[in-house]
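Notes to accompany the following structure.
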Amino acid sequence: MTPRGIAILGSTGSVGTTALRVLARQRAGFRVCALTANTNATLLRAQAGEHRPSFVGMVEASEGADAGWAVGAECLVSAAVRDDVHTVINAVVGAAGLRATIAALGAGKRVALANKETLVMAGGLVTAAARRGGGELVPVDSEHSAILQCIGGRPMSEVRRLIITASGGPFRTWDAARVQSATVTEALNHPTWNMGRKITIDSATLANKALEVIEAHHLFGIPYDRIEVVVHPQSVVHSFVEFVDGSVLAQLGVPSMELPVLYALTHPDRITDTGVPAFDPVALSPLTYEPVRHDTFPALGLGIRAGVAGGVAPAVFNAANEEAVARFLAGELSFGDIARAIASALVAAGDAAGDTLEALVAADVSARAHVREFA
């Protein structure tokens with residue numbers, strides 16, 4: 001078999017580096033054709049030296065100009081639509097990955113999507129681009145990969161309910177007052193996953209689960225009232241699927257992104273790989289579950305309601321969350337302010353139609369500006 005060409009957008013981030021570890025073990029089946037990064041020129045240079053891609057791009061032009069790389073935000077789209085690329089792993093953080101996803105799907109590529117904001121911001125436009133261009137959308141998030149594996153090609157008419165698991169983050173056992181004043185260091189201390197700073201904060205607020213519920217709605221065509229979230233501190237069960245006859249399937253595995261990355265590359269097939277430790281049910285026991293404390297973690301409910309509202313509301317939620325997290329990491333907002341800033345932005349900018357990319361981009365810009373002024 002001729003190796004499939006892979007483009008990785010965001011190759012220096014946590015998902016991108018994970019994908020390159022997987023691909024290094026699977027050189028017979030895959031070839032790295034394109035790499036892009038935002039600002040980490042040092043790591044990108046090392047990755048390019050090891051994998052010898054035919055295309056290298058750097059979003060921040062000042063970092064990549066001297067290396068002879070493609071520079072600027074347009075390098076994401078250029079990498080995604082190359083003729084030698086079969087699968088695009090979109091691991092760009094935030095709304096920046098949207099145009100590349102739409103372009104890749106329009107060019108008939110498989111998009112292994114780790115950039116959940118793409119579907120949150122413009123789910124309808126993304127799925128329409130896939131239909132028009134013949135592209136394929138395969139999730140990389142462990143929760144959505146689990147759902148895909150559990151469904152196993154069965155028609156969605158047989159699915160009654162999706163149950164997405166949440167670790168609960170570092171503040172799962174904290175009282176509400178203590179959560180409000182959590183520090184950046186405390187919020188970045190995730191109990192089970194090693195992730196980038198932004199997604200780690202999202203896990204602490206549970207905003208990431210709101211993004212995942214919206215993403216699941218678009219990926220699987222399931223109404224919001226049939227998607228639930230349950231806290232599962234061990235992060236071993238990644239999601240459940242309940243079928244119309246009452247049967248429930250779950251996908252289990254050690255907390256590692258290498259398995260969902262690999263499955264996104266090979267779906268619906270499986271290939272031999274040694275990257276994930278053998279599953280030991282005794283060592284990983286007991287497995288426990290708890291309800292979400294919505295009053296303590298209001299970002300989850302805000303996001304789900306934005307998804308139900310539709311229009312620009314999901315894009316506003318996503319943009320406001322990104323901006324609020326950035327201000328929290330910079331020491332400008334308290335942890336409790338993140339959800340308050342999101343709620344304020346939704347009231348100010350979340351009530352408009354979102355049927356064009358221009359409308360969604362305008363809502364994104366408006367929400368960010370609102371949160372930058374939030375005090």
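The values are calculated or read from the model by the stated rules, or taken from the named source; none is laboratory data. Remember, predicted model here, so these are calculated numbers, not experimental data. With ideal geometry, Cβ positions are generated from the backbone for all residues, glycine too; neighbour counts draw on all protein chains shown.
So here's what we get for this one:
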| read-out | value |
| --- | --- |
| Per-region count, segment 343-360, residues β-branched (V, I, T) and either in contact with a Gly (Cβ under 9 Å, 6 or more places away or on another chain) or under 21 Å from R327 (Cβ atoms) (or both) | 1 |
| Answer from L206, L137 - the residue that is at positive phi and among the hydrophobic types (A, V, I, L, M, F, W, C) | L206 |
| Close pairs from segment 342-359: first among the polar types (S, T, N, Q), partner surrounded by 14 or more Cβ atoms within 10 Å (Cβ to Cβ), Cβ under 6 Å, at least 6 apart | S344/F374 |
| When residues of segment 226-241 are limited to those that are out of contact with any Leu (no Cβ under 8 Å at 6 or more places or on another chain) and not in a strand (DSSP E or B), the one surrounded by the most Cβ atoms within 10 Å (Cβ to Cβ) | S235 |
| Which listed residue is within 23 Å of V22 (Cβ to Cβ), of a type outside the set (F, W, Y) and outside the structural domain of P223 (by TED's automatic domain parsing), from A130, A95, A100 | A100 |
| Residue in segment 305-318 that is more than 23 Å from H217 (Cα to Cα) and buried (at least 23 other Cβ atoms within 10 Å of the Cβ) present | no |
| Only one of F297, F317 that is touching a residue at least 24 places away in the same chain (Cβ under 8 Å) and farther than 30 Å from I89 by Cα | F297 |
| Residue among R154, R161, R172 that alone is assigned to a strand (DSSP E or B) and in contact (Cβ under 8 Å) with a residue 24 or more places away in the chain | R161 |
| Checking A177 against (1) over 14 Å from G221 (Cα atoms); (2) surrounded by fewer than 17 Cβ atoms within 10 Å (Cβ to Cβ); (3) aliphatic (A, V, I, L, M); (4) touching a residue at least 60 places away in the same chain (Cβ under 8 Å), the condition it does not meet | (4) |
| Odd one out for D364 among (1) surrounded by fewer than 18 Cβ atoms within 10 Å (Cβ to Cβ); (2) among the charged types (D, E, K, R); (3) in contact (Cβ under 8 Å) with a residue 60 or more places away in the chain | (1) |
| Criterion: free of Cβ contacts under 8 Å to residues at least 60 places away in the same chain and not β-branched (V, I, T) - qualifying residue of A114, A130 | A130 |
| Any hit, segment 243-254, residues being under 16 Å from the mean Cα position of the chain (by Cα), among the aromatic types (F, W, Y) and under 16 Å from I163 (Cα atoms) | no |
| Cβ-Cβ under 7 Å pairs, at least 6 apart or on other chains, segment 255-267 side farther than 12 Å from L113 by Cα and assigned by TED's automatic domain parsing to the domain that holds P281, far side small (G, A, S) and not in a helix (DSSP H, G or I) | P255/S235; E258/G275; L259/G253 |
| Helices (runs of 4 or more DSSP H) contained in segment 1-100 and holding at least 3 residues over 22 Å from T272 (Cα atoms) | 41-51, 61-64, 74-80 |
| In segment 137-152, the residues that are out of contact with any His (no Cβ under 6 Å at 6 or more places or on another chain) and under 21 Å from V126 (Cα atoms) | L137, P139, V140, D141, H144, S145, I147, L148 |
| Of residues in segment 93-118 being at pLDDT 90 or above and within 9 Å of the chain's Cα centre (by Cα), the one farthest from G133 (Cα to Cα) | A114 |
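So that you can scan it fast, the table gives a plain yes or no per residue for (1) more than 21 Å from V140 (Cβ to Cβ); (2) surrounded by fewer than 19 Cβ atoms within 10 Å (Cβ to Cβ):
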site: G5; (1), (2): no, no
site: T17; (1), (2): no, yes
site: F30; (1), (2): no, no
site: E50; (1), (2): yes, yes
site: G68; (1), (2): yes, yes
site: D83; (1), (2): yes, yes
site: I89; (1), (2): no, no
site: R99; (1), (2): no, yes
